[in-house]
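Here's the structure we're looking at; comments come further down.
Just so it is clear, none of the values below were taken in a lab; they were calculated from the coordinates. Source: prediction; values computed, not measured. So basically every Cβ, Gly included, is an ideal-geometry build from the backbone, and we count neighbours across all protein chains shown.
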Amino acid sequence: MNPFEDYTTFFVQAIGNKEGAISPTITQSASFGYGDSETGEGIFDGSVKKPLYSRVGNPTSTKLESILAKMDGGVACVTTSSGMGAITLAVMSLVSSGDEVISIGGLFGGTYSFFNETLDRFGVKTSFFDVDELDSIKKAITSKTKIIYLESVGNPNMRLADIDAISKIANDAGISFMVDNTVTPLMLKPLDYGADVVIYSTTKIITGNASALGGAVVFRAINEGEDKFKGELYKDIHKFIKKMGKMALFAVAKKRALRDFGMSSNGFSSYLTMLGLETLPLRAARVNESVEIIVNELDKNGIDVNHPSLETHPHNALYKKYFKAGTGNLFTIDMGTKEKAFKFINNSKLITVTANIGDSRTLALHMGSTIYSDFDQETKKFLGISDGLIRVSIGLESPKDIILDFLESYKASNI
Ligand SMILES: *Cc1c(COP(=O)(O)O)cnc(C)c1O
């Protein structure tokens, strides 16, 4: 049985229309006519539910948003122009100059520079920790800490966090907890573990075929009784809680980030994302199964592979606890040197060489010379970027073909 069986019915039924055009309608319009002034007034004060302007909401994107919110058990979702747009939206809607962020794990290159360089320029300081540094994380919390940020799977270090333990730290301290779940949609449900906000680059496995750049942020409902967002730390969003109740985090993101920064999704990309989403449960199950078979076989053949399904991986127990269905497309191979890594990639007949992940095709990239080429040695070490490191994203090809291709490339690279 497919571990994502429940979603198979939900996605295809929610995405297709029963009458008229079955394929979702693409609304490709920047602006919308209100008809008359009274309706215009109603649209702006929220009492009339009609599109206002595509920067703050597009009907095709709204359909995708309602499906993604349900997928994660959230109350609402905002789609964005890219995954970086989603991260920017989620973080910028909560932080002000002088605030602090604690970032744990991986870390995706763009996310790292966003926190370390860009947010820093606006007076928001981020401290970075490995997933296992729980005591240091607790000690790093100050009265200014607004966000604890985590990637579900370290990309590309493949380290896994004890999400329960980190969620407890955030919730005990009354701090918002955000999880970038790009690599593991359906496989991990962050809101079930006490996260407040889930972030996606839908560019990756959700769309799954390089046809559309996009992002999404899913929000939990604000509780009717006690809620950490009602505390002093978040006093600047209390007016949204008063007005919008359980939808407050969504309203904050729309008013403070989407409206003013404009990282908006568009109808055509949202349409392509829905076409991908329909088959996500099937592709995710296929890829998870393939990855385990492939890493096992490569490991047996003496290749230095890094994946948490391997007994020798330091987070194998966490893999079994939190990721019963798998951790998605990624694993890494360490070829020892840059030269050998280049040879391995160039010798392969299957690999598409690119910076993307989560595609239908198998992709790979040498890390040190590309995404992390701007980073100094110390940062590379922290992020686990060694000279011979290749990140692999397994596609839908037969695992037999991939194993054969990789073993041949490996052999030819060591001559
Ligand atoms: C790709 C990626 C992003 C950024 O997404 P884009 O759509 O490329 O902007 C963020 N986080 C993770 C984990 C990613 O893999």
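Determine the gain in length on full extension of the stretch THR379-ASN346; use 0.36 nm per residue of separation and subtract their C-alpha separation, reporting nm with one decimal.
Between THR379 and ASN346, full extension yields an extra 9.2 nm.
Give the long-range amide H neighbours of MET335: residues separated by 5 or more places, or on another chain, with amide H under 5 Å away, using H modelled in the peptide plane at 1.01 Å from N.
Distant-sequence amide H within range of MET335: GLY388, LEU389, ILE390.
So how do HIS313, HIS366, HIS238, HIS307 line up by other beta-carbon neighbours within 10 Å, fewest first?
With the sparsest Cβ surroundings first, the list reads HIS238, HIS313, HIS366, HIS307.
Just THR279, THR62, THR370 to compare: in a GNM of the chain, with alpha carbon springs under 10 Å, which one fluctuates most?
So, out of THR279, THR62, THR370, the one fluctuating most is THR370.
Would you work out the charge dipole size for region 280-413 about its Cα centre, treating the Cβ of every Lys and Arg as +1 and the Cβ of every Asp and Glu as -1, and quote it to the nearest 20 debye?
260
Full extension from PHE32 to LYS49: what is 0.36 nm times the residue separation minus their Cα-Cα distance, to one decimal in nm?
4.9 nm
Please determine, in degrees from 0 to 90 and to the nearest 10, the orientation of helix 267-278 with respect to the longest principal axis defined by the Cα atoms of the chain, where the helix direction is its Cα long axis.
Rounded to the nearest ten degrees, it is 60.
Give me the percent of Cα-Cα pairs in region 243-283 that sit more than 11 Å apart, rounded to a whole number.
The calculated P(r) of region 243-283 puts 71 percent of pairs beyond 11 Å.
Using the beta-carbon distance between MET1 and GLU311 and R0 = 25 Å, what value does 1/(1 + (r/R0)^6) give for FRET efficiency, to the nearest 0.05?
Efficiency for this residue pair is about 0.50.
Less than 20 Å from a label point 7 Å out along the Cα-to-Cβ axis of ILE22: which backbone N atoms in region 275-302 qualify, by residue?
Those under the cut-off are 275-283.
Identify which of SER264, SER398, SER103 has the largest mean-square fluctuation in a Gaussian network model of the chain, with springs joining Cα atoms closer than 10 Å.
Residue with maximal mean-square fluctuation among SER264, SER398, SER103: SER398.
Just PRO185, PRO399, PRO156 to compare: in a GNM of the chain, with alpha carbon springs under 10 Å, which one fluctuates most?
Ranking PRO185, PRO399, PRO156 by mean-square fluctuation puts PRO399 first.
Could you name the aspartates and glutamates in cross-link range of LYS400, using Cα to Cα under 20 Å and dropping any fewer than eight places away on the same chain?
LYS400 reaches GLU289, GLU292, GLU297, ASP299, ASP304, ASP359, GLU408.
Skipping prolines and chain starts, which residues have an amide H placed within reach, meaning under 5 Å, of the one on SER82, given they are 5 or more residues away or on another chain?
GLY215
Could you give the angle, 0 to 90 degrees to the nearest 10, between helix 59-71's Cα long axis and the longest principal axis of the Cα atoms of the chain?
With rounding to tens, the tilt is 60 degrees.
For the chain, report the translational diffusion coefficient in µm²/s to the nearest whole number, using Stokes-Einstein at 37 °C, 0.692 mPa s, and a Kirkwood Rh over Cα pairs.
My calculation gives 148 µm²/s for D.
For the chain, the longest stretch holding no GluC sites (Glu not before Pro) located in a DSSP loop with at most 16 other Cβ atoms within 10 Å is which?
Within the chain, the longest run free of exposed GluC sites (Glu not before Pro) spans 20-132.
To the nearest 0.05, what FRET efficiency results for ASN296 and LYS243 with a Förster distance of 60 Å applied to their C-beta separation?
Working from the Cβ atoms, E equals 0.65.
When only C-alpha pairs under 8 Å and at least 6 residues apart count, what is the relative contact order of region 5-276, in percent?
After rounding, I find 26 percent.
Just how large is the dipole of the chain about the Cα centre, in debye to the nearest 20, putting +1 at every Lys and Arg Cβ and -1 at every Asp and Glu Cβ?
680
Which listed residue (ASN181, TYR193, SER97) has the Cα farthest towards the positive end of the charge dipole for region 5-276, taking +1 on Lys and Arg C-beta and -1 on Asp and Glu C-beta about the Cα centre?
SER97
Using only Cα atoms and rounding to the nearest 10 degrees, what angle (0 to 90) does helix 338-347 make with the longest principal axis of the chain?
90
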